[in-house]
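Engineer: First the structure, then my questions, so here it is.
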Amino acid sequence: MAYKEFIMVNDELLLQGFKKCKSLGALAMVHAENGDAVYAGQQKMIELGITGPEGHPLSRPPMLEGEATSRAIRLADFVNTPLYVVHVMSIDAMEEIAKARKSGQRVIGEPIVSGLALDDSWLWHPDFTTAAKYLMSPPIRSKGHDKALQSALATGVLQLVGTDHCAWNSTQKARGVDDFRQIINGVNGIEERMHVVWDIMVESGQISVTDYVRVTSTECARIFNIYPRKGAILPGSDADIIILNPNSSFEITAKSHHSRLDTNVYEGWKGKGKIEVTIAGGRVVWENNELKVVPGNGRIHTGCLLLVIC
């Protein structure tokens, strides 16, 4: 649906994908943006001489995410197959999902940490390196979209929180210094997700501790058919557990995070609710700010069959 001249599928291929999902019992996942309109928007920005990172959100406004979300929902309904909309970033897309779910259609909406916590003001920063690190698709939206997505998550309109983690360093982003279309899309989020979601959703009183577990773990496992192996603390489950201290504070910085990334879109974020221990498969892999992971440990999950459509 997005990324014209790269991996975009048209409506014919989208329908074929949905039909294949139905025949296999697979869950269709879509990146919902109108690629043709985005392409036209990009051309318009270049013609106007707008080549910096701010051209990115200007060329792919919320209405194009909303249109594609609506189209994907209707075509999935036509085929009668469930639909999972990834990285829901706008009110426009969220409202289409809400309308479909209210009618009884099987649609899952996934907001991500950056969309819940940030706004697009940094994309207008005069320093290219600072602005470019926030560039992703669909774009981080203007103020108001973040709060609306938080409310939708709190009320069950949206079901779980992802990250769309796709991190690039400043050198890699710099290849688009003269043309925003060449800036590699993607932001960080895996390390920050649990901390930031606790801070903006639980500390603010929007969701309970139980709902925090649901939107960050249990619902994810149920949707992808790996519950109760994952997403539960039960006999026979994998014993993947975090211990979060709600009274402990955290600060996110590029200097202190554990990625090789030299920037962080949550730079300077301070909040309450710090993960102090991580247990994977019954083994303590993180404690006292020290990584204790053992190489060569893991299992293949054969839960849910997925088809991701862009």
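The values are calculated or read from the model by the stated rules, or taken from the named source; none is laboratory data. Remember, it's a predicted structure, so these values are computed and weren't measured experimentally. All Cβ positions, glycine included, derive from the backbone under ideal geometry; neighbour counts span all protein chains shown.
Engineer: So, in the range 247-305, how many residues would count as being touching a Ser or Thr at 6+ places or on another chain (Cβ under 6 Å) and small (Gly, Ala, Ser)?
Structural biologist: Of the residues in that region, 1 qualify.
Engineer: From Val285, Val277, grab the single residue that is part of a strand (DSSP E or B) and in contact (Cβ under 8 Å) with a residue 24 or more places away in the chain.
Structural biologist: Within the list Val285, Val277, the selection yields Val277.
Engineer: Considering only residues that are buried (at least 24 other Cβ atoms within 10 Å of the Cβ) and either within 20 Å of Trp269 (Cα to Cα) or small (Gly, Ala, Ser) (or both), which ones fall in the range 90-111?
Structural biologist: Selection gives Ser90, Ala93, Gly109, Pro111.
Engineer: Restricted to the range 199-217, and to residues that are among the polar types (S, T, N, Q) and farther than 16 Å from His301 by Cα, which residue is surrounded by the most Cβ atoms within 10 Å (Cβ to Cβ)?
Structural biologist: Ranking the candidates gives Thr216 first.
Engineer: Further, regarding this structure: What residue, among those in the range 218-231 that are surrounded by fewer than 19 Cβ atoms within 10 Å (Cβ to Cβ) and of a type in the set (A, V, I, L, M, F, W, C), is farthest from Gln150 (Cα to Cα)?
Structural biologist: My answer is Ile226.
Engineer: Here's another thing I want to ask about it. Which of the residues spanning the range 171-191 are touching a helix residue (DSSP H, G or I) at 6+ places or on another chain (Cβ under 6 Å), part of a loop (DSSP other than H, G, I, E, B) and not β-branched (Val, Ile, Thr)?
Structural biologist: Gly189
Engineer: Could you tell me whether the range 45-61 includes any residue that is among the hydroxyl-bearing types (Ser, Thr, Tyr) and closer than 19 Å to Ser151 by Cβ? Spell out how you get there, then give the answer.
Structural biologist: Quick first cut of the range 45-61, residues among the hydroxyl-bearing types (Ser, Thr, Tyr) only: 51, 59.
The next check asks that each one be closer than 19 Å to Ser151 by Cβ; those that pass are none.
The answer is no, given that none of the residues of the range 45-61 is among the hydroxyl-bearing types (Ser, Thr, Tyr) and closer than 19 Å to Ser151 by Cβ.
Engineer: Among the residues of the range 117-149, write down those that are of a type in the set (S, T, N, Q) and over 13 Å from the mean Cα position of the chain (by Cα).
Structural biologist: Ser121, Thr129, Thr130, Ser142
Engineer: Another one. Between residues in the range 8-20 that are closer than 14 Å to Leu83 by Cβ and residues that are at pLDDT 95 or above and in a loop (DSSP other than H, G, I, E, B), which pairs lie under 7 Å by C-beta distance while being six or more apart or on different chains?
Structural biologist: Phe18/Thr81
Engineer: May I ask you to verify whether Val157 is surrounded by 18 or more Cβ atoms within 10 Å (Cβ to Cβ), modelled with pLDDT of 95 or more, hydrophobic (A, V, I, L, M, F, W, C) and farther than 25 Å from Lys274 by Cα?
Structural biologist: Details: surrounded by 18 or more Cβ atoms within 10 Å (Cβ to Cβ): yes; modelled with pLDDT of 95 or more: yes; hydrophobic (A, V, I, L, M, F, W, C): yes; farther than 25 Å from Lys274 by Cα: yes.
The answer is yes for Val157.
Engineer: Somewhere in the range 67-75, is a residue within 23 Å of Lys19 (Cα to Cα), touching a helix residue (DSSP H, G or I) at 6+ places or on another chain (Cβ under 6 Å) and buried (at least 21 other Cβ atoms within 10 Å of the Cβ)?
Structural biologist: Scanning the range 67-75, I find at least one residue that is within 23 Å of Lys19 (Cα to Cα), touching a helix residue (DSSP H, G or I) at 6+ places or on another chain (Cβ under 6 Å) and buried (at least 21 other Cβ atoms within 10 Å of the Cβ), so the answer is yes.
Engineer: Here is a further query. Mind telling me which of the residues Ala232, Ala254 ends up being closer than 30 Å to Thr171 by Cβ and either assigned to a loop (DSSP other than H, G, I, E, B) or without any contact (Cβ under 8 Å) to a residue 40 or more places away in the chain (or both)?
Structural biologist: Numbers: Ala232 fails: closer than 30 Å to Thr171 by Cβ.
So the residue among Ala232, Ala254 that is closer than 30 Å to Thr171 by Cβ and either assigned to a loop (DSSP other than H, G, I, E, B) or without any contact (Cβ under 8 Å) to a residue 40 or more places away in the chain (or both) is Ala254.
Engineer: Further question on the same structure: Can you name every one of the helices (runs of 4 or more DSSP H) wholly within the range 76-170 that holds 1 or more residues which are closer than 18 Å to Leu64 by Cα and not aliphatic (A, V, I, L, M)?
Structural biologist: 91-102, 113-117, 145-155
Engineer: When residues of the range 22-40 are filtered for being under 25 Å from the mean Cα position of the chain (by Cα) and either crowded, with 19+ Cβ neighbours inside 10 Å or in contact (Cβ under 8 Å) with a residue 40 or more places away in the chain (or both), how many remain?
Structural biologist: Residues in the range 22-40 being under 25 Å from the mean Cα position of the chain (by Cα) and either crowded, with 19+ Cβ neighbours inside 10 Å or in contact (Cβ under 8 Å) with a residue 40 or more places away in the chain (or both): 13 in total.
Engineer: Being in contact with a Ser or Thr (Cβ under 6 Å, 6 or more places away or on another chain) and either over 26 Å from Val202 (Cβ atoms) or of a type in the set (Gly, Ala, Ser) (or both): is that true of Glu65 here?
Structural biologist: Judged against the criteria, Glu65 is a match.
Engineer: Within 19 Å of Met136 (Cα to Cα) and of a type in the set (A, V, I, L, M): is that true of Ala26 in this structure?
Structural biologist: Answer is no for this residue.
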